[in-house]
Ligand code: ZN
């Protein structure tokens, strides 16, 4: 384990919770930061706070309501449907979200004396979000280091994993049950296996099914 401190960008969902476990295994000190940007479901913030408390992780909740004011989207507004039209970004995309989140996480990390910023962004299940791309993260990493004259390292443990491999990582970290039962990914605000119908639930379940098949086969061999 590295004697280093990390800040995890944490939403209480499957991906960022897996990242939290990843960071806890890797770094001697870990804190989590959650952004309140007017999510449809307050439950998301409560879920994140509960997980952090249970794992004994210091949890920072930062107000980012400005983001909703600037960029209304389906994650914050009930009157915008979650959909993706051919050739367009899904309505769940929020312009500037990861740029702002990672930047504010970096400001916080520097104050806390942390070098590492961990985020669950992923290019593999790419919904077309430009700010989940590896090249964006690398570019921002350079910009952050220059802007604050500080040697940040943005860690993206899920960048090249598909959803099944993310479940596998959780298992490797001894966190499979915890992630499955305690996290909130569903756009309709239902913890664990969710509503089963929204795009986030479908993605999560497909990955889980794929992983469970693979795991069962591994047991039989
Ligand atoms: Zn759902």
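The values are calculated or read from the model by the stated rules, or taken from the named source; none is laboratory data. Quick caveat, the model's predicted, so the values are computed rather than measured. Counting neighbours? That spans all protein chains shown, and the Cβs are built from the backbone with ideal geometry, glycine included.
Take residues that are more than 16 Å from the ligand (Cβ to nearest atom) and under 25 Å from residue 115 (Cβ atoms) and tell me which of the helices (runs of 4 or more DSSP H) falling wholly in the stretch 133-205 contain 1 or more.
Where helices (runs of 4 or more DSSP H) fall fully within the stretch 133-205 and carry at least 1 residues being more than 16 Å from the ligand (Cβ to nearest atom) and under 25 Å from residue 115 (Cβ atoms), they are 134-148, 163-172.
Could you go through the stretch 168-178 and let me know if any residue there is surrounded by fewer than 15 Cβ atoms within 10 Å (Cβ to Cβ), farther than 24 Å from residue 44 by Cβ and modelled with pLDDT under 95. No, the stretch 168-178 has no match at all.
The single condition among (1) away from the ligand (no atom under 14 Å from the Cβ); (2) more than 15 Å from the chain's Cα centre (by Cα); (3) surrounded by fewer than 17 Cβ atoms within 10 Å (Cβ to Cβ) that residue 211 does not meet is (3). Answer yes or no as to whether residue 156 is on the phi < 0 side of the Ramachandran plot and touching a residue at least 24 places away in the same chain (Cβ under 8 Å). So residue 156 passes the test. The set of residues from the stretch 101-121 being buried (at least 19 other Cβ atoms within 10 Å of the Cβ) and in contact with a strand residue (DSSP E or B) (Cβ under 8 Å, 6 or more places away or on another chain) comprises 101, 102, 105, 106, 109, 114, 116, 117, 118, 119, 120.
Screening 136, 152 for residues that are more than 13 Å from the chain's Cα centre (by Cα) and surrounded by fewer than 18 Cβ atoms within 10 Å (Cβ to Cβ) leaves exactly one candidate, 136. Of all the residues in the stretch 117-132, those that are part of a loop (DSSP other than H, G, I, E, B) and touching a residue at least 24 places away in the same chain (Cβ under 8 Å) number 10.
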